[in-house]
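Heads up, the thing below is written out as structure tokens.
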Amino acid sequence: MTDQPDIFTTVHKGIRNALFDLCVRIGKTEMTNQEKWLELQTRARAVLRFVERHGENEDMFLLPLIEARAPEYHKRMRTAHRELDDPTEALRHAIESDPERLYEAACYFTARYLDHMHEEETDHLPVLQIHLSPAELGEFNRSAVARSAPT
């Protein structure tokens, strides 16, 4: 056990909750109902934006801190984020155009993102905790929360 801040657990719990809720809602909704489809689109856009903001925060505030101290690990983290581009675009496309594919795209995205979060929590966090001080990790958390807070 470390006294270093855990920068992933809380936000990842929120992301898991949002993704699971979205998949359940889509699975229960008759997609021929235009009103329900519009509601799901709005919800799906909000969930996707939440997930994307989390990744942007890591790219903006966390990756620059680790780049000089552990360049190979920085590359690994950046690659892990890029590997989510295709599932993200598939979900975005389904949200905007294809109610019949939305459930499939949301579930696929969720599965991929669950793997990604697990990797961050089990592989990335220990490395970050070795190379970054508690103050630096705490500042990342504060910056990410401030940038993600509703306006």
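Please state which of the following conditions Ser97 fails to meet, knowing it meets all the rest: (1) open to solvent by less than 60 Å² (accessible area, probe 1.4 Å); (2) within 26 Å of Ile26 (Cα to Cα).
Failing condition for Ser97: (1).
Taking the stated definitions as given, is Gln41 more than 20 Å from Lys13 (Cβ to Cβ), in contact (Cβ under 8 Å) with a residue 24 or more places away in the chain and either in a helix (DSSP H, G or I) or in contact with a helix residue (DSSP H, G or I) (Cβ under 9 Å, 6 or more places away or on another chain) (or both)?
Numbers: more than 20 Å from Lys13 (Cβ to Cβ): yes; in contact (Cβ under 8 Å) with a residue 24 or more places away in the chain: yes; either in a helix (DSSP H, G or I) or in contact with a helix residue (DSSP H, G or I) (Cβ under 9 Å, 6 or more places away or on another chain) (or both): yes.
Judged against the criteria, Gln41 is a match.
Is one or more of the residues making up the stretch 108-122 open to solvent by less than 50 Å² (accessible area, probe 1.4 Å) and modelled with pLDDT under 95?
no
So that you can scan it fast, the table gives a plain yes or no per residue for (1) in contact (Cβ under 8 Å) with a residue 40 or more places away in the chain; (2) open to solvent by less than 50 Å² (accessible area, probe 1.4 Å):
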site	(1), (2)
Leu22	yes, yes
Glu67	no, no
Leu84	no, yes
Pro87	no, yes
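Evaluate the following for Ala135: is it closer than 29 Å to Gln34 by Cβ and in a helix (DSSP H, G or I)? Even if it seems obvious, please write down each step before you answer.
Values: closer than 29 Å to Gln34 by Cβ: no; in a helix (DSSP H, G or I): yes.
No, not satisfied.
Please specify each residue of the stretch 16-60 satisfying the condition of being aliphatic (A, V, I, L, M) and in contact with a Phe, Trp or Tyr (Cβ under 7 Å, 6 or more places away or on another chain). Write out each step before concluding.
Here is the first cut: in the stretch 16-60, the residues aliphatic (A, V, I, L, M) are 18-19, 22, 24, 26, 31, 38, 40, 44, 46-48, 51, 60.
If the condition is that a residue be aliphatic (A, V, I, L, M) and in contact with a Phe, Trp or Tyr (Cβ under 7 Å, 6 or more places away or on another chain), then Ala18, Leu19, Ile26, Met31, Val51 are the ones that fit.
Find the residue count for the stretch 100-151, including only residues that are more than 13 Å from His12 (Cβ to Cβ) and among the β-branched types (Val, Ile, Thr).
4
Among what's in the stretch 1-20 and is in contact (Cβ under 8 Å) with a residue 12 or more places away in the chain and more than 11 Å from the chain's Cα centre (by Cα), pick the residue that is least open to solvent (accessible area, probe 1.4 Å). First the steps, then the outcome.
Just the residues of the stretch 1-20 that are in contact (Cβ under 8 Å) with a residue 12 or more places away in the chain, to begin with: 2-9, 11-12, 14-16, 18-20.
Keeping just the survivors that are more than 11 Å from the chain's Cα centre (by Cα) gives 2-7, 9, 20.
Details: Thr2: 66, Asp3: 138, Gln4: 25, Pro5: 35, Asp6: 74, Ile7: 7, Thr9: 51, Phe20: 100 Å².
Looking at residues that are in contact (Cβ under 8 Å) with a residue 12 or more places away in the chain and more than 11 Å from the chain's Cα centre (by Cα), I get Ile7.
Can you name every residue in the stretch 140-151 that is open to solvent by 60 Å² or more (accessible area, probe 1.4 Å) and either without any contact (Cβ under 8 Å) to a residue 24 or more places away in the chain or of a type in the set (Phe, Trp, Tyr) (or both)? Let's see the steps before the verdict.
Step one: of the stretch 140-151, the residues open to solvent by 60 Å² or more (accessible area, probe 1.4 Å) are 142, 145-147, 150-151.
Across the stretch 140-151, the qualifying residues are Arg142, Val145, Ala146, Pro150, Thr151.
Would you be able to tell me the number of residues in the stretch 75-98 that are in contact with a His (Cβ under 7 Å, 6 or more places away or on another chain) and not in a helix (DSSP H, G or I)?
Restricting attention to the stretch 75-98, the residues satisfying the condition of being in contact with a His (Cβ under 7 Å, 6 or more places away or on another chain) are 77, 80, 84.
Okay, now just the ones that are also not in a helix (DSSP H, G or I), so 84.
The total comes to 1.
Hey, could you check the stretch 45-65 for residues that are buried (at least 20 other Cβ atoms within 10 Å of the Cβ) and hydrophobic (A, V, I, L, M, F, W, C) and say which is farthest from Ala80 (Cα to Cα)?
Val47
The values are calculated or read from the model by the stated rules, or taken from the named source; none is laboratory data. Bear in mind the structure is a predicted one, so any value in this text is a computation, not a measurement. All Cβ positions, glycine included, derive from the backbone under ideal geometry; neighbour counts span all protein chains shown. What goes into the accessible areas is simple: the full protein's heavy atoms, side chains included, and nothing from ligands, DNA or RNA. Shrake-Rupley method; radii C 1.70, N 1.55, O 1.52, S 1.80 Å.
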